[in-house]
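The values are calculated or read from the model by the stated rules, or taken from the named source; none is laboratory data. Every value quoted in this text rests on a predicted model; they were computed, and no experiment measured them. Here the Cβ is made from the backbone with ideal geometry for all residues, glycine too, and neighbour counts use every protein chain on show.
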Amino acid sequence: MPFSPYTLQTLLPPSVIEEIIQSVSPSSTSPPSSPPTSFFSRLSTTPSSPPTNSNGSSPSLASSPPNKLNTRFNTLMASGNVQQRFTIDAVESWGNDLYLGTSDGHILHFVLEEQKHNGDTASMPYVSRLVDKIFLGYGKKSVERILVIPQVSKAAVLCDSTLSFYSLPFFEPLPVSLIPPIKGVSCFTHDAAEEGKIGVDGTMELCVVKRRVVQIYKIGEFLQMKKEIPLHDGAIFVIRHSRSLCLADHTQYKLIHVDPINTIPLIPTPQEPVSPPVASGMLSSSSQQLVPRPVAAVVKADEFLMVSANAYGNAIRGTMQWSSYPKSICVEYPYIAALLRNNTIEIHNINNQQLLQSITLEPGMEPRGMSFSHGIKVQLDGLAKRLSQRPHNIGSNNATNNDDDDLQDSLKRQVARFSTVPAKILVFGRNSVMAQIITPLVMQVDALIDDNRIEEAMEMTDQARNTMSSTNTLHMERMRSELDYIYQKCGLLMLKETVFDDAFNLLSKGNLDPRLVIHLFGDQLFSHLQESFPRILVFDGISDILHQIDSIDHVVSSNMAKNYPDQQSQSPSSASVEMRRVLLENAKEAAQKYLFAERGKRRNILGKGDFTCKAIDTALLKLFTLNDNPKLIFRILKEPNDCDIEECKEALLEAKVSEGVDLKKRWLLAVLCVVETIYVEGHARGIFGSMDTVSLEGIYKGELPDDDFDEGLDRMKDVLLSNNELSLPVMMKYTWWLMGQNPMDGVQVLIKSPRAAEMDPQLILEKLTTFGTAATRSFLEYLVITRQSQVPEFHTRLACTYVEDVQQRIKQSPDSIKELTSLVDEFKQSVDPMRPNVDSETFVGYLGRKQHTESKLIDTRLPLIRLLQQSQLYDANTVMDSLSEAGPLYIEKTFIYGRPMETDKDDLLFSDTQLDEETLDPQQLSERRRLFFMLLRTYLAIEDKQLMLTRTLHLLNTQGYYLDAIEVLGVIPDDWPLERLQDFLMHSLRRSLHDYREGEVVLGMSRGENLTVADELFACHDKLGPTRVDTTSTCTHCHYNMFDGGAVVCDLNNHLFHMECASKRGILPNERQSDL
């Protein structure tokens, strides 16, 4: 049975229009037919009234042969009894107001009055009532289109190439001074993206197409043009979404981007053959002419649906075909409704182009077109009944509170929102209007379910599920609720038939709260803590079925009584007992798959205390215990989980008691100890004190061996690293216990624990010495490198630890001394001493390059060298003593010798990292000059004269800033020509001259400042005059004698103060002062 998304219902029957026609008298006040008032006027879609003479009679048609029909027609026209008929050419609706545009230039305003509707079928609960008949004033010209703009309470009507505006809801003409009509309009449209919205300035946009231009207006209280786009070929059809316009002229469709303006030609405009009108007195011709009939609709942003007479064009969703060319189409995503010329409406799914439904119209309707309006809302009581929800009771503390008005009101609002289906697509004929109402899926499928046609119901449901729209939020939410209801009902009905796998699969697809499924298993899986959980909302129909099912035991018993009635009347046989056991085991296996699937849906919130996750994890752990599956128990406890410890503990204890002492039960209890022990001191033995000597430590030590429990230490480490609620003493206790099992795991806890900052490093280092050098080294590296501690003791201990590692490595390998020498020799060979200007790697860089290719001695030396090079906090004497005991570590010693204030060593190595001279204080600058001078003397002592000359000149030319020219000239050989020292001497003399001139400038500036201050001081004395102080002068503040020396302050009132007293009184320092 196919899914039918729509039901066609009558809004305005033909009888209503016929009554209006009958009520119009021959002497109607409607104006007679008039010639077109605009160059762009077009022929009416209905024949014009025949011309009359001055006396009102109709002249005879001379071109027609005289016969009885002509005589009768002339007689009726002469008597004035011909009815003035019209057809419906345009339809629009808003709320309960229906507006019809007629072929004779009128707007018929109907109001749809609601009637009570209690059925399940989607019949229209309205009766139409004519409110007003508005004449537009453009003669008997057809109304081509009506557009309602509810955001600004206005309507736009296109008639006789004139776009006029009216106020809503009574369709009163707007004053021309506010919004004048727009003439010469061929077509117009609104922005589909603005439906249900309004601009920030309180306006909406209209796109109006004229003969050679597209004009974009903003309409609100006034009408103003926003933009004008040239359009050379004009347009006879236009639709818009956001910045994209889809137009059609007489030859092709076009896509125009408004900002920036860009035109893209698309597919040809379909041409439809029509017979030309026959003039009076002319014979009819068999020839036909082609007239462009563009048909298109907006799908969504930047996507339009255009109908072509062939398959030309690029389709982004695939090609959709109809049996004949559509008169019009409407898109109500994800459905496309097309009105065909064979009086049928075909409904397709736009996503897969599948035909969902075909609606045949009544033969006498004469459909003329379709209109996508703002919609008439219909309340379906049958849908509301099925989607109504209520709290379901699963415990004594979760009973429904009838006084909870807020919850009841919220549920009623939600049901009213879902059960109110819109009728946006209107189908109009010559004298009638119909509405396409969305037929809810649940109302079609529920009937199949009640007839026990479950397979057909599921087939229809899966078909409808593919039509869910991600862009239509209300449609998606309603469909989601309908699907949930259907899947839940089918799942529970299959559960009653003990088809457990399929039943639980459907319940998962229907998003039934897992706590309800867990409750069906009774105390085996149900946690009594769930009684305090928030109440569970269930559909009314689903709640009734849950009460009927009661529990899985009841389902199995009922099934046994139904299928094996003879065995139930007698004493239970072994076969019936076995059958019952098998059914219960099948239910548990299916429930385990179901709970795993539900847990997977909530993987992002596991371990965060969610009520549903707590119920699922606790039920799973109980189920694993019942099935004696320790691997799955450990798996769920190892991952982030929400297991309730008390409930799980009781389940494990009961399993142990019933099955005897078992090693697997012991390790399961130990795993629970890992989770809970860390909260209460001594918990591992306290809770399970009655169970012999079950303890976590016993399992780790091998007293209670179990091959399955192989990740205990990692579990303990993970808990200690991730738990923020542990007190520091409890955490330290189990960390030191873990340290005894695996020192490196214990160090990782000390380093990465959330409470690492609260620990005392001194106490930890004292205890770490008993666990070996590796643990101590790791913790010291964490303090010095990671935390960048400024405590010198930590730097010294780390350096000494590195030295001990190097010493151990030297002792372990007899060739280590030779390797130390060979590394230096190889480095010397890799460096060309005669090319000092070429960048070459340092010895530390050389060791880093050889780190992974040579022996482990390099790996041990590098951390020591880098620490000695980068740190300035270690105690040099202590480290030097350790280096002396370790062996010939000359490179390491040079870093200590090169530290500041080490003046009694001659063997130096210059570091690559240099400070700018501006950042050096005088003491550092003096020390650096001393060291460079020592290095110069070392170079001069080289026996190889060429090497000595190269290195010396390089030092003088690159580091001459730190060398004094007089001292250099005193130590260099006397036979050196002056040309060799030219660069050094030039830089030195230039620097000396610069220093001298800089001193002169500073001296001149200082003298100028002194003269300025002296001038200001003299000016101040001339202005204020002297302050006289004698032996009788006293301080105004302290009343002590002023003639005791020191500074004196005189305020503006000539009061004298000591300087300190003036500060206490808050007198400004710019008052007059004098020194006694």
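When you go through (1) on the phi > 0 side of the Ramachandran plot; (2) crowded, with 16+ Cβ neighbours inside 10 Å one by one for ARG478, which number turns out not to apply?
(1)
Please tell me if MET744 is free of Cβ contacts under 8 Å to residues at least 40 places away in the same chain, touching a helix residue (DSSP H, G or I) at 6+ places or on another chain (Cβ under 9 Å) and part of a helix (DSSP H, G or I). Walk me through it before giving the result.
Numbers: free of Cβ contacts under 8 Å to residues at least 40 places away in the same chain: yes; touching a helix residue (DSSP H, G or I) at 6+ places or on another chain (Cβ under 9 Å): yes; part of a helix (DSSP H, G or I): yes.
In short, yes.
So which residues in region 1017-1050 are in contact with a helix residue (DSSP H, G or I) (Cβ under 7 Å, 6 or more places away or on another chain) and part of a loop (DSSP other than H, G, I, E, B), if there are any at all?
Selection gives CYS1035, HIS1037, CYS1038, GLY1046.
Only residues that are hydrophobic (A, V, I, L, M, F, W, C) and closer than 21 Å to PRO334 by Cα: list them for region 411-433, please.
Selection gives PHE418, VAL421, ALA423, ILE425, LEU426, VAL427.
Can you name the residue in region 163-187 that is in contact with a strand residue (DSSP E or B) (Cβ under 6 Å, 6 or more places away or on another chain) and over 24 Å from PHE110 (Cβ atoms) and, of all such residues, is surrounded by the fewest Cβ atoms within 10 Å (Cβ to Cβ)?
Applying the filter and picking the extreme gives LYS183.
Those residues that are β-branched (Val, Ile, Thr) and either over 24 Å from LEU247 (Cα atoms) or out of contact with any Phe, Trp or Tyr (no Cβ under 9 Å at 6 or more places or on another chain) (or both), I need them from region 150-188; list them, please.
Of everything in region 150-188, those that are β-branched (Val, Ile, Thr) and either over 24 Å from LEU247 (Cα atoms) or out of contact with any Phe, Trp or Tyr (no Cβ under 9 Å at 6 or more places or on another chain) (or both) turn out to be VAL152, VAL176, ILE179.
Tell me which of these GLU781 doesn't satisfy, since it passes every other one: (1) of a type in the set (Asp, Glu); (2) loosely packed, with under 13 Cβ neighbours inside 10 Å; (3) in contact with a helix residue (DSSP H, G or I) (Cβ under 8 Å, 6 or more places away or on another chain).
(2)
Can you find, within region 879-925, the residue that is modelled with the highest pLDDT among those that are among the hydroxyl-bearing types (Ser, Thr, Tyr), more than 58 Å from the chain's Cα centre (by Cα) and surrounded by fewer than 16 Cβ atoms within 10 Å (Cβ to Cβ)? Before you say what the answer is, go through the steps one by one.
Going residue by residue through region 879-925, those that are among the hydroxyl-bearing types (Ser, Thr, Tyr) are 882, 884, 890, 894, 897, 903, 911, 913, 919.
Within this subset, residues satisfying the condition of being more than 58 Å from the chain's Cα centre (by Cα) are 882, 884, 890, 897, 903.
Restricting the remaining residues to those that are surrounded by fewer than 16 Cβ atoms within 10 Å (Cβ to Cβ) gives 884, 890, 903.
Numbers: SER884: 84, TYR890: 78, THR903: 39.
Across region 879-925, the extreme among qualifying residues is SER884.
Regarding ARG599, is this residue in contact with a Pro (Cβ under 9 Å, 6 or more places away or on another chain) and either modelled with pLDDT of 70 or more or of a type outside the set (Asp, Glu) (or both)?
For ARG599, the condition - in contact with a Pro (Cβ under 9 Å, 6 or more places away or on another chain) and either modelled with pLDDT of 70 or more or of a type outside the set (Asp, Glu) (or both) - is met.
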